[in-house]
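*Asks:* Would you mind keeping the following structure in view while I ask a few things?
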Amino acid sequence: MSTSSTWHVGCRVCDWRGAPGLYPHGCPICLERGEVQAVVVEPPRQPNPNPRTGTGRGIWNRWGNWLPAVPAEHRRSLGEGDSPLLRVDWLSEVTGCAEVYLKMEATNPTAAHKDRFHAVSTAVAASLGMRGVFSSSTGNHGLSMTAYARLHGLESVVISNPRMPALLQRAIRFAGGVPFMVDSEVGAAIAADLVATGEWLPASTLWPMPIGSPYGAEGYKTIAWEIAEELATPPAWILIPTAGADLLTGIWLGYEDLARMGTIEHLPRLCACQPAGAAPLVQTLRSGKTTIERLDHAYSIALSIADPITGQIAMDALAATDGDAVAVSDAEILAMGELLARHGLLVEPSSAASVASLSHLAERHPEMRDRPVVCIITSSALKWLDDYGAAAAGAGIPVDTLDDAWGVIDARS
Ligand SMILES: [Zn+2]
């Protein structure tokens, strides 16, 4: 494995600093003390004021000077980023918030925010001379990882959640990845073996504790930078679907970079949105504890965020941004997903969770009602129709005659 001296990773807890590498269990110094702490990429001391490295699209062109300094030949893009920030006025009546924006990440190449993550993470893997990348995934993560692995000519192994939709299993194989359908014990053994070779970069949490990917979080920073570019003042709150907390971490660190550069004065407050049946972070906050514990059981229709544990770094992100966390029921997620779909917005259940969280958050922080707020829409309903159950199970309507067709149309009004 080669190392680079042009950029570094470090630990925010113990001030350890090291070369880019795998770090599957987080900071090596903290680990010796029995603590699991995340590794993050160190921001450049004197960032180039111009983030652009090229005129084209894709996050390496748009933000390459602010991303990890991997060699130019590894800065490859599938056209990720530049997702629309939609103002959706009808949501004001529903949520009680005057100015609601949705950051529509389904416009990314594999229809998920994950493409920003893997655009950076896989570039780092290639620059380190890895043979492949691997992750545990419910679907979005594994498909995106596979696309970027193939872009770099690397192998992709996905340790699939048993509930991964068949559509996504097939898409991963179609794109040249290997989705293993295994129980958690075998999945953990595969991950441990791949890491032990030193030739496979983990693009996700390893058991037993979630340690986010320092490189993937760098890709997510670009969401913060795009929002900052588009809105004259930072939104009061950003609502983020949260499981392991990579996305939450990346958006937080992206705003920290902007604050360090003097571009913004205040960080937006961040809200982690979790389903009530899988809300380890919310439970930790409400109980007043400081360490996030693994739940014995986690279930939600919002499979993308139905994890039993959240990365400990989420506590730092919420503390640093004066943030909060909100849980919403599956019934609320389902109702919001259906409502959004009936307004032309096809979002996955975990994204419906962030919008459904708005009214709960506004009850806790009424002052936000008059300020701009952003919900992150991570992926499309098109991948996740099965999770919406009966609401999205309707098939095409057979009719034999013109009269029957008009009967169906007229019955709708
Ligand atoms: Zn440390």
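*Asks:* Find how many whole Å separate the alpha carbon centroid of segment 42-72 from the alpha carbon centroid of segment 92-111.
*Replies:* Comparing the Cα centres of segment 92-111 and segment 42-72, I get a distance of 27 Å.
*Asks:* Just going by the charge dipole of the chain, with Lys and Arg at +1 and Asp and Glu at -1 on Cβ, which of 176, 374, 323 is farthest out on the positive end?
*Replies:* Most positive-ward Cα: 176.
*Asks:* Please give me the summed charge of the neighbours of residue 242: other residues whose Cβ is under 13 Å from its Cβ, Lys and Arg +1, Asp and Glu -1. Before the final figure, lay out each step's value.
*Replies:* Numbers: positive: none; negative: 246, 307, 324.
That works out to -3.
*Asks:* Report the relative contact order of segment 224-351, percent, no decimals, based on alpha-carbon pairs under 8 angstrom and at least 6 residues apart.
*Replies:* On the way: 211 pairs, mean separation 35.4, N = 128.
Result for segment 224-351 is 28 percent.
*Asks:* Can you give the Kirkwood hydrodynamic radius for segment 1-155, in Å, rounded to one decimal and based on Cα pairs?
*Replies:* Numbers: mean 1/r = 0.0572 Å⁻¹.
Roughly 17.5 Å, rounded to one decimal.
*Asks:* Here's something else I'd like to know. Please identify, among 254, 389, 139, the residue showing maximal mean-square fluctuation in a Gaussian network model of the chain using a 10 angstrom Cα cutoff.
*Replies:* With Cα springs under 10 Å in the chain, the top fluctuation among 254, 389, 139 is at 389.
*Asks:* Taking θ as phi - 60°, what are the ³J(HN,Hα) couplings along segment 31-48 by the Karplus curve (6.51, -1.76, 1.60), each to the nearest whole Hz, with x for Gly and Pro?
*Replies:* 4, 4, 8, x, 9, 9, 10, 6, 9, 10, 6, 6, x, x, 5, 10, x, 4
*Asks:* Provide the descending list of Cα extents for segment 57-147 along its principal axes, expressed in whole angstroms.
*Replies:* For segment 57-147, the Cα extents along the three principal axes come out at 52, 31, 16 Å.
*Asks:* Run the dipole for segment 1-157 about the Cα centre, Lys and Arg Cβ at +1, Asp and Glu Cβ at -1, nothing else charged, and hand back the magnitude in debye, nearest 20.
*Replies:* Numbers: 15 positive and 13 negative charges, 87 e Å.
Computed about the Cα centre, the dipole is about 420 debye.
*Asks:* Based on DSSP H runs of at least 4 residues, each adding -39500 (n - 2.57), what is the mean residue ellipticity at 222 nm of the chain after dividing by all its residues, to the nearest 500 deg cm²/dmol? Write out the running numbers ahead of the final one.
*Replies:* On the way: 14 runs with 151 residues, N = 413.
Computed mean residue ellipticity for the chain: -11000 deg cm²/dmol.
*Asks:* Could you quote the convex hull projected area for the chain, Cα atoms only and averaged over all directions, in nm²?
*Replies:* Values: hull surface 84.9 nm².
Reported value for the Cα convex hull: 21.2 nm².
*Asks:* Which of the peptides 113-124, 308-319 is most tightly packed, and how do the rest follow, judged by the mean count of other Cβ atoms within 10 Å per residue? Present the calculation step by step, with values, prior to reporting the outcome.
*Replies:* Values: 113-124: 30.2, 308-319: 22.5.
Averaged packing, sorted descending, gives the order 113-124, 308-319.
*Asks:* Follow-up question, since we're still on this one. Which residue, 10, 29, 44, has the largest displacement toward the positive end of the dipole of segment 1-122 when charges sit on each Cβ (Lys, Arg +1; Asp, Glu -1)?
*Replies:* Of the options given, the answer is 44.
*Asks:* Of 211, 196, 236, whose Cα points farthest to the positive end of the dipole of segment 183-241 (charges on the beta-carbon: +1 Lys, Arg; -1 Asp, Glu; origin at the Cα centre)?
*Replies:* It is 236.
*Asks:* Moving on to the next point. If Lys and Arg each add +1 and Asp and Glu each add -1, what is the summed charge of the other residues whose beta carbon sits under 12 Å from the beta carbon of residue 373? Could the numbers behind the result be given before it?
*Replies:* Values: positive: 87, 103, 269, 369, 371; negative: 99, 367, 370.
Residues close to residue 373 contribute a combined charge of +2.
*Asks:* Mind checking which of 128, 402, 385 has the largest fluctuation in a GNM of the chain, springs on alpha carbons under 10 Å?
*Replies:* Checking each option, the largest mean-square fluctuation is seen for 402.
*Asks:* May I have the convex hull volume per residue, in Å³, for the Cα set of segment 197-269? Provide the component values of the computation, followed by the final result.
*Replies:* Numbers: hull volume 7.4 nm³, N = 73.
In segment 197-269, the Cα convex hull volume per residue is 102 Å³.
*Asks:* Here's a follow-up. For residue 264, which sequence-distant residues (separation of 5 or more, or a different chain) have an amide H within less than 5 Å of its own amide H, given hydrogens modelled in the peptide plane?
*Replies:* Placed amide hydrogens put 259 under 5 Å from residue 264.
*Asks:* Considering Cα pairs under 8 angstrom that are at least six residues apart, work out the relative contact order of the chain and quote it in whole percent. If you can, show how the numbers build up before the last one.
*Replies:* Values: 875 pairs, mean separation 63.3, N = 413.
Contact order relative to length: 15 percent.
*Asks:* Suppose every Lys and Arg Cβ carries +1 and every Asp and Glu Cβ carries -1, with no other charges. What dipole size does segment 156-219 come out with about its Cα centre, to the nearest 20 debye? Before the final figure, lay out the partial values.
*Replies:* Details: 3 positive and 5 negative charges, 65 e Å.
Dipole size: approximately 320 debye.
*Asks:* Taking every pair of alpha-carbon atoms in segment 138-199, give the share separated by more than 19 Å as a whole percent. Mind showing how you got there, number by number?
*Replies:* Working: 542 of 1891 pairs.
Roughly 29 percent, rounded to a whole number.
*Asks:* Hey, another quick one. Rank by packing, highest mean first: peptides 262-271, 241-250, with packing defined as the count of other Cβ atoms within 10 Å averaged across residues. Can you show the working numbers first?
*Replies:* Numbers: 262-271: 18.0, 241-250: 28.9.
Per-residue Cβ counts within 10 Å, averaged per peptide and sorted highest first, yield 241-250, 262-271.
*Asks:* Using Cβ-Cβ distances only, list the Cys residues of the chain with no partner cysteine under 4.7 Å, sorted by number.
*Replies:* That list is 14, 97, 271, 273, 375.
*Asks:* Another one. Given the C-alpha centroids of segment 333-353 and segment 246-296, what is the distance between them in whole angstrom?
*Replies:* 23 Å
*Asks:* When the dipole is taken about the Cα centre of the chain, and only Lys, Arg (+1) and Asp, Glu (-1) are charged at their Cβ, what size is it in debye, to the nearest 20?
*Replies:* It comes to approximately 1020 debye.
FYI, it's all coordinate maths here, none of it is from the lab. Note that this is a predicted model, so its numbers are computed, not measured. Here the Cβ is made from the backbone with ideal geometry for all residues, glycine too, and neighbour counts use every protein chain on show.
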